[in-house]
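Since the structure comes first, as structure tokens, the remarks are kept for the end.
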Amino acid sequence: MHSPASAAQPRLDRKAVGAVVLGNALEFYDFTIYAFFAKSIGATFFPSDSPTDSLLASLALFGIGYVMRPVGGVLIGAFADRAGRKPAMLITIALMALGMLMLAACPGTAVIGGWAQAIVIAGRLIQGLALGGEVGPSTAFLIEAAPARHRGFVASWQIASQGCAALFAGLFATVLTVALGDAAMADWGWRLMFGLGLLVVPVGLVIRSHLPETAGEGHDPAAADSLVAVLGRLLRGYGRMLGLTFLVIAASTVSNAVGTNMPVYAGATLGLSEMAANSVPIALGLASVVFPLLGGWLADRFGRRPVMIWPRALILVLAVPAFLWMLRSPGAFSVYAVTFLLSALSSINAAAVIVGIPEALPRAVRSAGLSIVYALSVSIFGGSTNYVVNWLIAATGDRMAPAYYLAAFSLVGTLAAGLLPETRGRDIRVDTATRG
């Protein structure tokens, strides 16, 4: 097998970038749609005399998919290091679409009884497997194909695609709510939202199938290390760094989850109307489109570590005052403003994280390392945060619970980011990187 360092720079155009980030966009679209239609999904598949019990059951279903993320991170992430980035990305987007379809098309419990719950649980598990393995291969492809001076900006489209997905989700939900009414949206309109997301999957499959391979010139899957060898090399050589990145991604994941929980918080806790609550993702999406690109540009100009640290530190300082303002002045303006501010800071931070972590790993374990750490962090905290903060509010009566939770994780994330290496300017074509 030829040296990866000799690999020719693949052509990276807008169409290729769009196809690569599509999987990440679909993940966040699904994440956003589920979060602010959680009550409707709970009523469909987990009907109960208690609206709170139905909502918590729905949020538990949302979290079930995260159980499979570490499995997907291990299997698909290591597969991408062995067989190449492109085949792994084709597998993940196909499985992702299947999982979404099973939720969108499944009849409710009132129609087919307990089978409905079994089908949607299976769909969330399949989707979790795919999502666990998506971020590693796709991000590895982007930074390996991007010009060295612009790796941060190119990789930041992974985060910006999430903002685009949240923005479209908010706009679609608002338009459909106006057109159909609250009752129809709660009954069956939410299914249309998932169906709209599925329409882009065939395009993504076609474009991804024509992408170049970035795993190295002459890459031969048969000659590559086994799955066990890839994982062994990763854990032996980079355990400390993986532990720190786990904490950094956990803080980012909690921020995202608190943001996507804002529609539920606005409606159930602050008492905003259905229309006002369903429009919250527009503020989330607007901030998450522009500010990741700013974060990527800043990371290319000033380095990865500073852009990981300072926005996260600002969230630590501002979380509690921001939630206090919402509680003292409940209304659409305060909710939108807080959502926008926290999302903007988190997006800048995430852009540096998404490029700095894979740059710190050698090519032979890059996809597996990012996939595993990302999947573990997101499976633990992405799947539980919405449930935990709503449960804390219900159990303690303290409506500030999300702020305290966010601030605690921001403290941990800030400290961990300060211990990570700086990777701007590193030659990632060679198969060496910082050990630790």
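Roughly how much of Leu318 is accessible, in Å² to the nearest 10, using a 1.4 Å probe?
Here the accessible area works out near 60 Å².
For Ser50 and Leu199, what is the calculated FRET efficiency with R₀ set at 35 Å and r taken between the beta-carbons, to the nearest 0.05? Walk me through the numbers on the way to the answer.
On the way: r = 36 Å, r/R0 = 1.02.
The computed FRET efficiency comes out at 0.45.
Modelling each spin label as a point 7 Å along the Cα-to-Cβ direction, I'd like the Arg328/Trp188 distance in nm, to one decimal.
Inter-label distance under the simple model: 4.8 nm.
Springs between alpha-carbon atoms under 10 Å, Gaussian network over the chain: tell me which of Ser48, Ser156, Ser343 tops the mean-square fluctuations.
Ser48
Please state the charge dipole magnitude for the stretch 344-436, taken about the Cα centre, from unit charges on C-beta atoms (+1 on K and R, -1 on D and E), reported in debye and rounded to the nearest 20. Kindly include the intermediate steps, with their values, before the conclusion.
Working: 7 positive and 5 negative charges, 38 e Å.
Computed about the Cα centre, the dipole is about 180 debye.
Relative to the longest principal axis of the C-alpha atoms of the chain, give the angle of the C-alpha long axis of helix 304-328, reported between 0 and 90° and rounded to the nearest 10°.
That works out to roughly 0 degrees.
Provide the net charge surrounding Val21, with neighbours chosen by a C-beta distance below 12 Å and charges set as Lys +1, Arg +1, Asp -1, Glu -1. It would help to have the intermediate numbers written out before the result.
Details: positive: Arg14, Lys15, Arg208; negative: Glu27, Glu134.
Value of the local net charge: +1.
Going by a ≥ b ≥ c, the root eigenvalues of the Cα gyration tensor, does the chain fall in the rounded group (a/c under 1.5), the prolate group (a/b larger than b/c) or the oblate group?
On the way: a/c = 1.86, a/b = 1.41, b/c = 1.31.
It comes out prolate by the Cα gyration axes.
Using only the alpha-carbon atoms, how far is helix 114-145 inclined from the longest principal axis of the chain? Give it as 0 to 90 degrees, nearest 10.
40
Under 10 Å, Cα contacts only: if you run a Gaussian network model on the chain, which one of Ala268, Ala38, Ala140 comes out with the highest mean-square fluctuation?
It is Ala268.
Between beta-carbons, use under 10 Å as the cut-off and find the net charge around Arg301, counting Lys and Arg +1, Asp and Glu -1.
Values: positive: Arg149, Arg424; negative: Asp300.
Taking every other residue near Arg301 into account, the sum is +1.
Using 0.36 nm per residue, how much length does the chain from Ala229 to Asp13 gain when fully extended, once their Cα-Cα distance is taken away? Write down the numbers at each step before the final one.
Working: separation 216, 0.36 × 216 = 77.76 nm, distance 3.38 nm.
Length difference between fully extended and current span is 74.4 nm.
With label points built 7 Å along Cα→Cβ from the Cα atoms of Ile207 and Ile121, find their separation and express it in nm.
3.7
Angle check, please: helix 51-64 long axis (alpha carbons) against the longest principal axis of the chain (alpha carbons), in degrees 0 to 90, nearest 10.
Taking the Cα atoms of the chain, the angle to 51-64 is about 10 degrees.
Distance between Cα centroids, the stretch 128-188 to the stretch 225-296: provide it in whole Å.
Centre-to-centre (Cα) distance: 12 Å.
Classify the stretch 214-337 from the C-alpha gyration tensor, please: rounded if a/c falls under 1.5, else prolate or oblate depending on whether a/b exceeds b/c.
Numbers: a/c = 2.49, a/b = 2.26, b/c = 1.10.
In terms of gyration-tensor shape, prolate.
Of Pro51, Pro137, Pro87, which is the most mobile in a GNM of the chain whose springs link Cα atoms less than 10 angstrom apart?
Pro51
For Ala395 and Phe302 in one chain, what is 0.36 nm times their gap in residues minus the Cα-Cα distance, to one decimal in nm?
Separation in residues times 0.36 nm, less the Cα-Cα distance, equals 29.1 nm.
The values are calculated or read from the model by the stated rules, or taken from the named source; none is laboratory data. Only a predicted model underlies this, so the values are computations on that prediction, with no experimental measurement involved. Ideal geometry is used to build each Cβ from the backbone, glycine not excepted, and the neighbour counts take in all protein chains shown. For the accessible areas, the whole protein counts, side chains as well, though only heavy atoms, and no ligand, DNA or RNA atoms are used. Shrake-Rupley method; radii C 1.70, N 1.55, O 1.52, S 1.80 Å.
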